[in-house]
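Participant: Here you go, one structure.
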Amino acid sequence: MNVPAASLTIGGLFVGMAIPTWHVARFAIAHIKNPAGALKGAKELIPLAAGLSYGGLATATTSGLIGFATGAITWLGNGIGSFAMWGAAGGETTLAARSNAVALTGMGNLVLLLITVAILGAWKAIPADAKPGMRQGIIAGILLGLSATLGGWFAALVIPTVNGWGSSLVGSIA
C-alpha cells in the first residue's frame, strides 16, 4: 500500500503550522493576565506536543495502514490548506515545500507500531479534554513531519534513534 501524498504543499504547511499556532496563542493570551498560573496551564499543551511527536514519527513510515493514513492526512491537509490560502490570501499554494526522504526501517516500524499500540491501549484512559488536542497534534505532526524544520529534526535525530531502538529490541529478544 503506497502513500497517496508524499510531499507537503504550502497549503499543507499552513494547516500544520496553524494548529499549534492556534493552541499556543490561546494559551499565551489566557496567561498574560495571570503569568503565575502559566506553568499550571502548560499541561494543556502536553497532549498537543505528544500528538505532534507521534505524527512526526508516523510520517517516516512508507507503507501499511499507518503510512496510508499519514498520506491521506497529508493529501487532505494540502487540499484544505491550499483552498484556505487561496480563499483568504490568493496566490499559488501548490508549490511543494519539501518531501521526506528518510524512512523508518523494519526495526523502526516495530517501535512505531508498539507506540501506536500503547496509544490505542491508553486512549480510553486519556482525559476527554486532552483527546482533541492530541488528535489535532497528530494531524499537525504528520503535516509538519514533511517540513524542513520538524521533518529535518526527525530525519536527523529521531528516525535514526528509533531505528536503533528497534534494532536493539530485536537483537535482545530474537
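The values are calculated or read from the model by the stated rules, or taken from the named source; none is laboratory data. No experiment lies behind these values; they were computed from the predicted model shown. For neighbour counting, all protein chains shown are included, and Cβ atoms are generated from backbone atoms with ideal geometry for every residue, glycine included. Just so you know, the surface numbers come from the protein's heavy atoms only, side chains and all, with ligands and any DNA or RNA stripped out. Shrake-Rupley method; radii C 1.70, N 1.55, O 1.52, S 1.80 Å.
Participant: Could you please give the count of residues in the range 20-76 that are of a type in the set (Ser, Thr, Tyr) and open to solvent by 30 Å² or more (accessible area, probe 1.4 Å)?
Facilitator: Adding up the residues that qualify gives 5.
Participant: If you don't mind, there's one more thing I want to ask. Can you tell me how many residues within the range 156-174 are open to solvent by 20 Å² or more (accessible area, probe 1.4 Å) and either touching a Cys at 6+ places or on another chain (Cβ under 8 Å) or of a type in the set (A, V, I, L, M, F, W, C) (or both)?
Facilitator: 8
Participant: Looking at (1) in contact (Cβ under 8 Å) with a residue 40 or more places away in the chain; (2) open to solvent by 30 Å² or more (accessible area, probe 1.4 Å); (3) over 19 Å from residue 69 (Cβ atoms), which is the one condition that is false for residue 129?
Facilitator: (1)
Participant: Sort out which residues of the range 127-157 are in a helix (DSSP H, G or I), out of contact with any Gly (no Cβ under 6 Å at 6 or more places or on another chain) and small (Gly, Ala, Ser), and write them in order of number.
Facilitator: Filtering the range 127-157 down to residues in a helix (DSSP H, G or I) leaves 131-144, 148-157.
Next, only the ones that are out of contact with any Gly (no Cβ under 6 Å at 6 or more places or on another chain) stay: 131-133, 135-136, 139, 148-149, 152-153, 155-157.
Result: 133, 148, 152, 155, 156.
Participant: Being surrounded by 12 or more Cβ atoms within 10 Å (Cβ to Cβ) and part of a loop (DSSP other than H, G, I, E, B) is the filter; apply it to the range 96-126 and report the residue that is modelled with the highest pLDDT.
Facilitator: 126
Participant: Inside the range 132-143, can you point out the residues that are open to solvent by less than 40 Å² (accessible area, probe 1.4 Å) and more than 17 Å from residue 67 (Cβ to Cβ)?
Facilitator: Residues satisfying the conditions are 133, 134, 137, 140.
Participant: Exactly one of these conditions fails for residue 87: (1) of a type in the set (Gly, Ala, Ser); (2) farther than 30 Å from residue 11 by Cβ; (3) open to solvent by 30 Å² or more (accessible area, probe 1.4 Å). Give me its number.
Facilitator: Checking residue 87 against (1) of a type in the set (Gly, Ala, Ser); (2) farther than 30 Å from residue 11 by Cβ; (3) open to solvent by 30 Å² or more (accessible area, probe 1.4 Å), the one that fails is (2).
Participant: In addition: Under 9 Å between Cβ atoms, which residue pairs at least 6 apart in sequence (or on different chains) link something in the range 63-74 that is more than 11 Å from residue 142 (Cβ to Cβ) with a partner that is of a type in the set (Val, Ile, Thr) and in a helix (DSSP H, G or I)?
Facilitator: From residues that are more than 11 Å from residue 142 (Cβ to Cβ), there are no pairs.
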